[in-house]
């Protein structure tokens, strides 16, 4: 895999994607961000069996490929790079990140061990952001703050035709 990407775009995408990387993953590969270069884009993805993140950014791809690297380390490196184009190159089990006079070598993890990412369903409809925020604010006060039963700390959303219903409870409200 070999590609070139804008530093600011990469830093923002890696930082956003790495947010879902767990601090103490139960499986080492879950600490990684999956990078897939194809056509004229770089797809970044992370997954911890609860939350997944998926981001696609434009890139000049010379060689297509897939690699898995430490998400937090790549995010820290991307933020520290100078404002110049970033070159990413995979050679065996090593990922080289070059930008200006900066050069970093990262260990690649086994991408084939990474779990299959969930597929998002197609868009079923749209809701005005202000209306949704207002509805969530009205309902979320009934949700539990006690983490012992995580199910009660959430807001359930049901869609029935053109109607969206939000529900929450802490067993008392």
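Compute the long axis of helix 7-18 from its Cα atoms, compare it with the longest principal axis of the Cα atoms of the chain, and write down the angle in degrees, 0 to 90, nearest 10.
Tilt of helix 7-18: around 50 degrees.
Show me the ranking of peptides 162-172, 81-91 by mean Cβ neighbours inside 10 Å, starting with the highest. Don't jump to the answer; show the numbers that get you there.
Numbers: 162-172: 11.5, 81-91: 16.3.
The densest-packed peptide leads the list: 81-91, 162-172.
Output the relative contact order of segment 56-101, whole-number percent, from Cα pairs under 8 angstrom with separation of 6+ residues.
Relative contact order here is 27 percent.
With a Cα-only, solvent-free Debye model of the chain, what are the log10 I(q)/I(0) values at q = 0.10, 0.11 Å⁻¹?
-0.52, -0.60
Between segment 52-104 and segment 1-37, how many Å separate their Cα centres?
The two parts, judged by their Cα centres, are 9 Å apart.
On C-alpha positions alone, give me the angle between the axis of helix 71-80 and the longest principal axis of the chain, in degrees, nearest 10.
The answer is roughly 70 degrees.
Can you tell me the relative contact order of segment 2-113? Whole percent, Cα pairs under 8 Å, sequence separation 6 or more.
30
What residue among 15, 148, 123 has the largest mean-square fluctuation in a Gaussian network model of the chain, using Cα springs under 10 Å?
Looking only at 15, 148, 123, the biggest GNM fluctuation is shown by 148.
Relative to the first principal axis of the alpha-carbon coordinates of the chain, what is the inclination of helix 129-140, with its axis defined by its Cα atoms, in degrees from 0 to 90 and to the nearest 10?
Once rounded, the angle reads 60 degrees.
All of the numbers you see were taken from the coordinates with simple rules; none came from a lab. Since we're looking at a predicted model, the values are computed, not measured. Here the Cβ is made from the backbone with ideal geometry for all residues, glycine too, and neighbour counts use every protein chain on show.
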